[in-house]
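Q: This is the structure I want to talk about, given as structure tokens.
Each reported figure results from applying straightforward, stated rules to the coordinates on display, with no laboratory input. Since the structure is predicted, the reported quantities are computational estimates derived from the model, not experimental observations. Virtual Cβ from ideal backbone geometry, glycine too; neighbours counted across all protein chains shown.
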Amino acid sequence: MSQRETYPAGVPCWVDTLQDDPAATRGFYERVLGWRFDGDDGYAVARLEGADVAGVGARPEGAPDPTWLTHVRVDDVDAAAQRAAELGAAVEVEPLDASPAGRVAAIRDPAGAVVCLWEAAWREGAERVNEPGAWAMSALRTPDTETAARFYGDLFGWETESFGPATMFRLPGYVGGEPEQPVPRDVVAVMLPGEEARWSVDFWIADLGAAIAAAEAAGGRVVVPPHDQPPVFRSAVLADPEGATFSLSQKLG
């Protein structure tokens, strides 16, 4: 388990999903991940044993279909959005206040993947990560890994290193993750080749089979069946009732 009180600039810090029926969505994730919520249909914060771990909000009219969004900590969201545009991104949502928690913007990278920029006020980000029921990692799938490496390197200071079929995004000087993990602790995200550019999120779970059964009973579906990801995890990709996909991973052994 990792507790987090602060996030330096350049580190993914929060995940949320905006949906047409936030109340039903909250019920789904309560059953699958054991979350409890504080808030309303506008925006509710998911809590795990009293700690903030994710968000569920209402999807604005005309917004893209429901998905899970990753937020990356920045010192100045206006400057970061401007820099992203200079690097070839589209600013999907101009910087705006998410009072009193912070300030946010959404950008679409040069290949089309959407990621959010987060300037914290009193909410730095997820307070617990890397434990059952909590977010562990976000992954970028993109058809152009070279362009993505340059873009995120210029925007966030990320460096890349190959790791089997994947590429690790590393932020030099950052210490996160868990001491026993098989990758360096300055890894902040991973990148994989894919036809559709998108960011995805992974949550850890204590019992993958039970979580899948709960998801199906609550109206979700399995997108990618359970499979081993040696040497550490057994994982599956699911979709919630509104179609937002996410992965669940259970530690092996």
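Q: Just to be sure I understand, how many residues within the stretch 227-247 are of a type outside the set (Phe, Trp, Tyr) and surrounded by 16 or more Cβ atoms within 10 Å (Cβ to Cβ)?
A: 13
Q: For the stretch 201-219, enumerate the residues that are outside any loop (DSSP other than H, G, I, E, B), small (Gly, Ala, Ser) and closer than 14 Å to TYR29 by Cβ. First the steps, then the outcome.
A: Narrowing the stretch 201-219 to residues outside any loop (DSSP other than H, G, I, E, B): 201-204, 208-217.
Within this subset, residues satisfying the condition of being small (Gly, Ala, Ser) are 209-211, 213-215, 217.
Residues satisfying the conditions are ALA211, ALA214, ALA215, ALA217.
Q: Pull up the stretch 157-182, narrow it to residues that are in contact with a strand residue (DSSP E or B) (Cβ under 6 Å, 6 or more places away or on another chain) and of a type outside the set (S, T, N, Q), then point me to the one that is nearest to PHE233 (Cα to Cα).
A: ALA166
Q: Let me ask you something else. From VAL222, VAL237, grab the single residue that is closer than 21 Å to ARG141 by Cβ, assigned to a strand (DSSP E or B) and under 18 Å from the mean Cα position of the chain (by Cα).
A: Details: VAL222 fails: under 18 Å from the mean Cα position of the chain (by Cα).
It is VAL237.
Q: Do we find that ARG59 is of a type in the set (Lys, Arg), closer than 30 Å to PRO179 by Cβ and over 16 Å from the mean Cα position of the chain (by Cα) in this structure?
A: Against the criterion (of a type in the set (Lys, Arg), closer than 30 Å to PRO179 by Cβ and over 16 Å from the mean Cα position of the chain (by Cα)), ARG59 does not qualify.
Q: Confirm whether GLU161 is charged (D, E, K, R) and in a loop (DSSP other than H, G, I, E, B).
A: no
Q: Being within 17 Å of the chain's Cα centre (by Cα) and surrounded by 20 or more Cβ atoms within 10 Å (Cβ to Cβ) is the filter; apply it to the stretch 107-119 and report the residue that is farthest from THR245 (Cα to Cα).
A: To start, the set of residues in the stretch 107-119 that are within 17 Å of the chain's Cα centre (by Cα) comprises 107-109, 112-119.
Next, from what is left, pick out any that are surrounded by 20 or more Cβ atoms within 10 Å (Cβ to Cβ): 107, 109, 113, 115-119.
Details: ILE107: 20, ASP109: 20, ALA113: 14, VAL115: 15, CYS116: 17, LEU117: 21, TRP118: 22, GLU119: 26 Å.
The qualifying residue farthest from THR245 (Cα to Cα) is GLU119.
Q: What number of residues within the stretch 115-128 satisfy the criterion of being touching a Gly at 6+ places or on another chain (Cβ under 8 Å) and over 23 Å from GLU94 (Cα atoms)?
A: 0
Q: If I filter the stretch 4-21 for residues that are part of a strand (DSSP E or B), surrounded by 15 or more Cβ atoms within 10 Å (Cβ to Cβ) and in contact with an Asp or Glu (Cβ under 6 Å, 6 or more places away or on another chain), do I get at least one hit?
A: Yes, the stretch 4-21 has at least one match.
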